[in-house]
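Each remark here refers to the structure printed beneath this line.
The values are calculated or read from the model by the stated rules, or taken from the named source; none is laboratory data. Everything numeric here is computed off the predicted structure, so don't read it as measured data. Counting neighbours? That spans all protein chains shown, and the Cβs are built from the backbone with ideal geometry, glycine included.
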Amino acid sequence: MSKRSVAVALAAFVLLASACGDSSGPGDAGDRLTVVATTSILGDVVRNIVGDDVAVQVLMPIGADPHDYQPSAQQVAAVSGADLVVANGLSLEESLNDVLESAIGDGANILEIGPSVDPIERSGTDGEWDPHVWLDPLRVAEAVDVIGAELSRLDSAVDWEVRAADYAAELRTLNTSIEDILAAIPPANRLLVTNHDSLGYFAQRYGFEVVGMVIAGGSSLAAPSAGDLAGLVEVMIDREVPAIFTESTDSTVLAESVAAEAGGDIAVIEIYTGSLGEPGSGAETLAGLLLTNARRIAAALS
């Protein structure tokens, strides 16, 4: 073998050994903690705490309805193998219940943030919790502290709680910005009709009243009756509600039918509730999502 051939062979060997030993490439967590987040929104929350120092995998893609998402076999395995799984809980991830319960039985470390942030009951129910806690930035700030504490328990080499506190401070500033945007809406106009029961936390935080919804309950999977829809039309006419707010993850067909039946110039406004938005939407992060929603609601009701 020539000297050049030997050199080439050695170089190839070094590159191969380097590739085999490099555990920091895409999709390979190496020695870093691995965290699985169930929704794109929780994925953004986690990444705002950990940056690039933790391998974060998000189960649900942009635009997926968290009430009705079916994971792949690879994702099920990721849940079982992660150092930490951050889930919302409060029955949000309906279709993942069996996966999460099975993972818990196998010893997986699953942190449900919803129960830790003073959840409220779903509208019109007794003891059923509203899962949409992320639409209140101050509750998210509380959840961030909980996540930071759990990360610190898993890895004391990084002061995750300080990082979490920094992000929580950003969320409190975000809350003030949202208040400023919504200040343009007179108190008498702070009436919300939604596609399903998703804005309870938003309404509580910012002084709105949810007067009706196209699909009753906290899940987008229910089916309203003709009587339910007729009753909603009456409410909208009686309360002079100018808009229906629908989710980016759901069909607008029923909402458009209700708006047409109610007459007038009722607008059907898309907002982001169960998922982050696509690039260019303004809702690519939780902060962007909340600001975009606030601006759209203010424009429709002012």
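Kindly check whether there is at least one residue in the stretch 284-291 that is at pLDDT below 95 and of a type in the set (Gly, Ala, Ser). Show your work before the answer.
Just the residues of the stretch 284-291 that are at pLDDT below 95, to begin with: none.
No, that holds for no residue.
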Practice task
Inspect all residues belonging to the stretch 42-55 and state whether any of them is buried (at least 18 other Cβ atoms within 10 Å of the Cβ), assigned by TED's automatic domain parsing to the domain that holds GLY148, over 24 Å from LEU290 (Cβ atoms) and in contact (Cβ under 8 Å) with a residue 12 or more places away in the chain.
Solution key: yes
Fill in the blank from the handout: Taking the stretch 273-302 and keeping only residues that are among the β-branched types (Val, Ile, Thr), surrounded by fewer than 22 Cβ atoms within 10 Å (Cβ to Cβ) and part of a helix (DSSP H, G or I), one is left with THR292
Exercise for the section: Return yes or no: is ALA157 assigned by TED's automatic domain parsing to the domain that holds ILE271 and free of Cβ contacts under 8 Å to residues at least 12 places away in the same chain? Expected result: no
Completion exercise
Taking the stretch 59-70 and the residues there that are at pLDDT below 95 and surrounded by 17 or more Cβ atoms within 10 Å (Cβ to Cβ), the one that is farthest from THR273 (Cα to Cα) would be TYR69
Exercise for the section: Would you mind telling me which numbered condition in (1) under 24 Å from ASN88 (Cβ atoms); (2) without any contact (Cβ under 8 Å) to a residue 60 or more places away in the chain; (3) buried (at least 20 other Cβ atoms within 10 Å of the Cβ); (4) not aliphatic (A, V, I, L, M) SER251 fails? Expected result: (3)
Completion exercise
Of those in the stretch 81-94 that are of a type in the set (Gly, Ala, Ser) and either touching a residue at least 60 places away in the same chain (Cβ under 8 Å) or surrounded by fewer than 16 Cβ atoms within 10 Å (Cβ to Cβ) (or both), the residue farthest from GLY148 (Cα to Cα) is SER91
Exercise for the section: Could you please let me know if ALA164 is out of contact with any strand residue (DSSP E or B) (no Cβ under 9 Å at 6 or more places or on another chain), free of Cβ contacts under 8 Å to residues at least 24 places away in the same chain and within 17 Å of ALA37 (Cβ to Cβ)? Expected result: no
Practice task
Could you check, for the stretch 137-148, whether at least one of its residues is surrounded by 13 or more Cβ atoms within 10 Å (Cβ to Cβ), out of contact with any His (no Cβ under 7 Å at 6 or more places or on another chain), farther than 23 Å from PRO119 by Cα and free of Cβ contacts under 8 Å to residues at least 60 places away in the same chain?
Solution key: no
Fill in the blank from the handout: Here the residues within the stretch 176-211 that are out of contact with any helix residue (DSSP H, G or I) (no Cβ under 8 Å at 6 or more places or on another chain) and aliphatic (A, V, I, L, M) are ALA183, ALA188, ALA203
Exercise for the section: Please work out which residue is nearest to LEU100 (Cα to Cα), limiting yourself to the stretch 29-80 and to residues that are among the small types (Gly, Ala, Ser), assigned to a helix (DSSP H, G or I) and touching a strand residue (DSSP E or B) at 6+ places or on another chain (Cβ under 7 Å). Expected result: ALA78
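For the stretch 225-243, state whether one or more residues are crowded, with 20+ Cβ neighbours inside 10 Å, out of contact with any Cys (no Cβ under 7 Å at 6 or more places or on another chain) and without any contact (Cβ under 8 Å) to a residue 40 or more places away in the chain.
Checked against the condition, which is being crowded, with 20+ Cβ neighbours inside 10 Å, out of contact with any Cys (no Cβ under 7 Å at 6 or more places or on another chain) and without any contact (Cβ under 8 Å) to a residue 40 or more places away in the chain, the stretch 225-243 yields at least one hit.
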Practice task
Please indicate, with yes or no, whether at least one residue in the stretch 205-212 is in a loop (DSSP other than H, G, I, E, B), more than 18 Å from the chain's Cα centre (by Cα) and modelled with pLDDT of 95 or more.
Solution key: yes
Exercise for the section: Determine whether ASP197 is in contact with a Ser or Thr (Cβ under 7 Å, 6 or more places away or on another chain) and crowded, with 20+ Cβ neighbours inside 10 Å. Expected result: yes
